[in-house]
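The values are calculated or read from the model by the stated rules, or taken from the named source; none is laboratory data. Everything quoted here is computed from the prediction, not taken from an experiment. Cβ placement follows ideal geometry from the backbone for every residue including glycine, while neighbour counts extend to all protein chains displayed.
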Amino acid sequence: MDARRRAAIAVVLVALAAGSAVLTSSLVSSTARPTQVSTAGDAPLLPTLQPIAPTTPSPQLAVTTNHCVNVPIVYYHYIRVDTNPRDTLGQQLSVTPQKFQAQMDWLREAGVHPVTLAQVMAAVSGGAALPSHPIVLTFDDGHNDFATRAVPVLLHEGFIATAFVVPGFLGQSSYMTYQQVIEVANEGMVIGSHTMHHVKLNTVSLQLAKIEIDASKSLLEGLIGRPVLDLAYPYGNYDAAVVSLVAQDGYRDAVATTWGTQQCVSNRYVLHRIEVAGSYNVWSFARAAGLPVPPPGWTDPGLPPVRTS
């Protein structure tokens, strides 16, 4: 690792310690501002950033109209086998490596084209049109199985994906290390921000929310040596003040967890996403994302490669 990267990691470590102290102090001593929690079905919080009502997904070409584009943004958490039968949440969030491989293999066979959020924003802003059957692959939290399980499959397929990383969790059990974040970025994956400590931004003070948003961006940029322009709201929670902070900090876009495939320039800071549940097989995955569905009896030809480090 070169001197610049070592220095960046040192800054990360110092800032994490400071950030943790600020987080603890704020949560103990400050009163959170009154906020609205944004969840699927809630009334819009900003007239110019209103979530689009869910629409029926279409497997047709992405068509840009009125500064909007029809493209699913799917999100994963874990690529693993959860063997704890009592961990119902963990099982819901865990897609097995075999299922993930099948989903990616089907995307390739069906002519689906993974794209980045930068490409989506360019398309809705009058830039280059998206390819046929576009999809954005995103992974929340920065778990280490993104590096060891997902990335080898993505590279094998020639796909690109975005990992929304929580710098305050790096190096902890089940999360990527600093070096893994650098490696996956160098392999072509996009690194996005998921705040410093995965806090519900609309339930803490504006001062702390700003620290969480700013510090994560700055530290990840120092770590990988390139701009970090995409953000995912932890738990999908945001309000008007949080959206303003994200825009002011120089992020190009942000994703929520409200269902939908219609992405618009006016919604660039509350883009819709579709969760990939652990119970999904390749057919339910394709249907949820509005993509071509495999024929009956389709079988996956391969098994996922495994990375040991």
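Here F159 fulfils each of the conditions (1) in contact with a strand residue (DSSP E or B) (Cβ under 8 Å, 6 or more places away or on another chain); (2) part of a helix (DSSP H, G or I); (3) of a type in the set (F, W, Y); (4) farther than 20 Å from L231 by Cβ apart from (2). Listed by position, the helices (runs of 4 or more DSSP H) contained in the range 83-143 that have at least 1 residues being of a type in the set (D, E) and farther than 30 Å from G168 by Cβ are 97-109.
Just checking, does the range 171-184 include any residue being within 14 Å of the chain's Cα centre (by Cα) and not β-branched (V, I, T)? No, the conditions are met nowhere in the range 171-184. Against the conditions (1) among the hydrophobic types (A, V, I, L, M, F, W, C); (2) within 18 Å of the chain's Cα centre (by Cα); (3) under 21 Å from I73 (Cα atoms), A123 satisfies every one except (2).
Okay, residues lined up against (1) touching a residue at least 40 places away in the same chain (Cβ under 8 Å); (2) in contact with a Lys or Arg (Cβ under 7 Å, 6 or more places away or on another chain); (3) among the hydroxyl-bearing types (S, T, Y); (4) within 23 Å of V81 (Cβ to Cβ):
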{"site": "Q91", "(1), (2), (3), (4)": "yes, no, no, yes"}
{"site": "Q98", "(1), (2), (3), (4)": "yes, no, no, yes"}
{"site": "A110", "(1), (2), (3), (4)": "yes, no, no, no"}
{"site": "Q119", "(1), (2), (3), (4)": "no, no, no, no"}
{"site": "A122", "(1), (2), (3), (4)": "no, no, no, no"}
{"site": "D141", "(1), (2), (3), (4)": "yes, no, no, yes"}
{"site": "T162", "(1), (2), (3), (4)": "yes, no, yes, no"}
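Among the conditions (1) more than 19 Å from the chain's Cα centre (by Cα); (2) assigned to a helix (DSSP H, G or I), the only one that V293 does not satisfy is (2).
What do you reckon, is T203 buried (at least 23 other Cβ atoms within 10 Å of the Cβ), of a type in the set (V, I, T) and either more than 29 Å from Q101 (Cβ to Cβ) or within 15 Å of the chain's Cα centre (by Cα) (or both)? It would help to see each step written out before you state the result.
Values: buried (at least 23 other Cβ atoms within 10 Å of the Cβ): no; of a type in the set (V, I, T): yes; either more than 29 Å from Q101 (Cβ to Cβ) or within 15 Å of the chain's Cα centre (by Cα) (or both): yes.
Answer is no for this residue.
In the set (1) over 21 Å from V95 (Cα atoms); (2) assigned to a loop (DSSP other than H, G, I, E, B); (3) in contact with a helix residue (DSSP H, G or I) (Cβ under 8 Å, 6 or more places away or on another chain), T258 fails one condition alone, (1).
This table checks each residue for (1) over 22 Å from T257 (Cα atoms); (2) among the polar types (S, T, N, Q); (3) modelled with pLDDT of 95 or more.
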{"residue": "P114", "(1), (2), (3)": "no, no, yes"}
{"residue": "L117", "(1), (2), (3)": "no, no, yes"}
{"residue": "M121", "(1), (2), (3)": "no, no, yes"}
{"residue": "S132", "(1), (2), (3)": "yes, yes, no"}
{"residue": "I135", "(1), (2), (3)": "no, no, yes"}
{"residue": "G142", "(1), (2), (3)": "no, no, yes"}
{"residue": "A147", "(1), (2), (3)": "yes, no, yes"}
{"residue": "P152", "(1), (2), (3)": "yes, no, yes"}
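Here P131 clears all of (1) under 26 Å from R268 (Cβ atoms); (2) crowded, with 20+ Cβ neighbours inside 10 Å except the condition numbered (2). Under the condition of being in contact with a Phe, Trp or Tyr (Cβ under 8 Å, 6 or more places away or on another chain) and closer than 15 Å to G168 by Cα, the residues counted in the range 218-230 number 1. Listed by first and then second residue, the pairs with beta-carbon distance under 8 Å, at least 6 apart or on different chains, first residue in the range 205-233 and within 20 Å of D253 (Cβ to Cβ) and touching a residue at least 60 places away in the same chain (Cβ under 8 Å), second among the basic types (K, R) and assigned to a helix (DSSP H, G or I), are L231/K217.
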